[in-house]
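Remarks on the structure that follows.
None of the figures in this text is laboratory data; all of them are computed from the coordinates on show. Computed from a predicted model, the values in this text were never measured in an experiment. Here the Cβ is made from the backbone with ideal geometry for all residues, glycine too, and neighbour counts use every protein chain on show.
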Amino acid sequence: MKKISLIFVLILLINVLTAPIVLSRSHSFSTDLMSESAILIDAKSGKILYEKNAKHQMYPASITKIATAIYAIENGDLDDMVTVSKKAREVEGTRVYLEGGEQVSLKKLIQGLLINSGNDAAVAIAEHLEGSPERFAFKMNKYLKKNIGTTQTNFENPHGLFAPNHVTTASDMAEITRYAMKNKVFREIFGTVKLKWKGTSWNTTLLNHHKLMREIPYEGVTGGKTGFVNESGHTLVTTAKREDFHLIAVTLKAPSSTAAFNDTIQLLDYGYQNYKAFKLTKGSTFHTKQGKSYELTKNLYYTLLNEDKLKGRVTENGFLQISNQEKKVLTSIQLKEEKDMIESKQASLSKVNKLYIVFLIVVALTLGLIVRVCSRIHRL
């Protein structure tokens, strides 16, 4: 187990984080975003780095498909073969040109959903998993509230075509994306730039609609989803990673595709130029002046401005609090007192020992039985 004193950790972090850094601008935007609503968060810690009308309900358009995809991945079998219905075949908007009666795997439909924004794929997924798009939307809303804690989201279909009550917020979409990005299959599909597609009536190469992944490469972009209907304007979700700093940017109701991408670049530039992400590793041990020892039982992620100077302390009830020079608590987490950890490990060891003893007894009885049977056979 890696043991690190609290003082040593804090000195190390302060030295690293206060090294001279040249910024191209201060930690505030010099230009207003053109999107009506936007948010930038650290995907690991969940910290909001920037927001504009982030809790205002807006029309999402096709970024709805992020929620559809993660619901399908976690609630379906990716190897299932889905039979495409006439209703899926005839849905309006962007499609992957599925044919009625065509057999397509659930995973392939999710690929068509996210990479080419296939509305027909969305309907086929919904009908396969829940019987109808309406039932699917109902179940998906419950899933989002339970697993992610969305508060201002109500989806009425799986694809994002306009409906008056089909709404979300930039804040909810950032959290939905944050949750989805924890899933390996979702990350793989979400980050796919191009994919060969062979269908009954359409053989092509799908190209991701997100320009920062193809036409205007931006350092670190790992995935994204575009959206547009007249009522929503241009919507955009983007994920990015530089070293171990993961960002999620959401922009809603931009007046044009160019404006949405420009706003996203501004958000990501702002995040990477002004903030740093840090992690304290599970198993680190902290010692107080009173002689108590505490252990971190899970990884701790937090985000801070480049100029922040860290201070930390362990409270009397075992909370590790990390604050900046203004005494603002950046993050706090409950630690486990080392004696509790020892008792827990001893209890686990005791349980293992008991199981081992039971195992030996069973083996001994079995061997005894085998010897007696062999003895009787020998006498016969």
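Farthest towards the positive end of the charge dipole of region 108-208, among the residues LEU206, GLY191, LEU109, is the Cα of GLY191, using unit charges on the Cβ of Lys, Arg, Asp and Glu. Just want the answer: with Cβ charges of +1 for Lys and Arg and -1 for Asp and Glu, which residue in THR222, ASN147, PRO164 is farthest toward the dipole's positive end in region 47-232? Ranked along the dipole, the leading option is THR222.
Once backbone amide H atoms are built at 1.01 Å from N, HIS234 has LYS253, ALA254, SER256 as its partners under 5 Å, excluding neighbours fewer than 5 places away on the same chain.
Quick one: Debye curve from the C-alpha atoms of region 34-73, no solvent, what's log10 I(q)/I(0) at q = 0.26, 0.29 Å⁻¹? Values returned for q = 0.26, 0.29 Å⁻¹ are -1.00, -0.99.
Over region 156-308, what number does the Rg to Rh ratio reach, with both radii from the alpha-carbon atoms and Rh per Kirkwood?
Details: Rg = 19.6 Å, Rh = 18.2 Å.
Over the Cα atoms of region 156-308, Rg/Rh equals 1.08.
By its C-alpha gyration tensor, with a ≥ b ≥ c as the square roots of the eigenvalues, how is region 141-236 shaped: rounded for a/c under 1.5, else prolate for a/b larger than b/c, else oblate? Show your work: numbers first, answer last.
On the way: a/c = 1.66, a/b = 1.43, b/c = 1.16.
Cα axes put region 141-236 in the prolate bin.
I'm checking a number: the convex hull volume of the Cα atoms of region 224-274, normalised per residue, in Å³. What is it? Don't skip to the answer; put the middle values down first.
On the way: hull volume 2.9 nm³, N = 51.
Taking only Cα atoms, region 224-274 has a hull volume of 58 Å³ per residue.
Residues whose amide H lies under 5 Å from that of GLY223, counting only those 5 or more places away or on a different chain, are THR239; hydrogens are built 1.01 Å from N in the peptide plane. Does region 45-102 come out rounded, prolate or oblate, given a ≥ b ≥ c as the square roots of the eigenvalues of its C-alpha gyration tensor, rounded meaning a/c under 1.5 and, failing that, prolate meaning a/b above b/c? Cα axes put region 45-102 in the oblate bin.
Extension gain, THR204-LYS311: 0.36 nm per intervening residue step, less the Cα-Cα distance, totals 32.9 nm.
Mind putting a number on the dipole of region 47-232 about its Cα centre? Charges go on the C-beta only, +1 for Lys and Arg and -1 for Asp and Glu, and I need it in Debye to the nearest 20. It would help to have the intermediate numbers written out before the result.
Working: 25 positive and 20 negative charges, 95 e Å.
Using Cβ point charges on Lys, Arg, Asp and Glu, region 47-232 gives about 460 debye.
Ranking ALA260, LEU304, SER232 by Cα position along the charge dipole of region 218-320, where only Lys, Arg, Asp and Glu carry charges on their C-beta atoms, puts LEU304 farthest toward the positive end. The spread of Cα positions in region 47-232, taken along each principal axis and listed from longest to shortest, comes to 45, 38, 32 Å.
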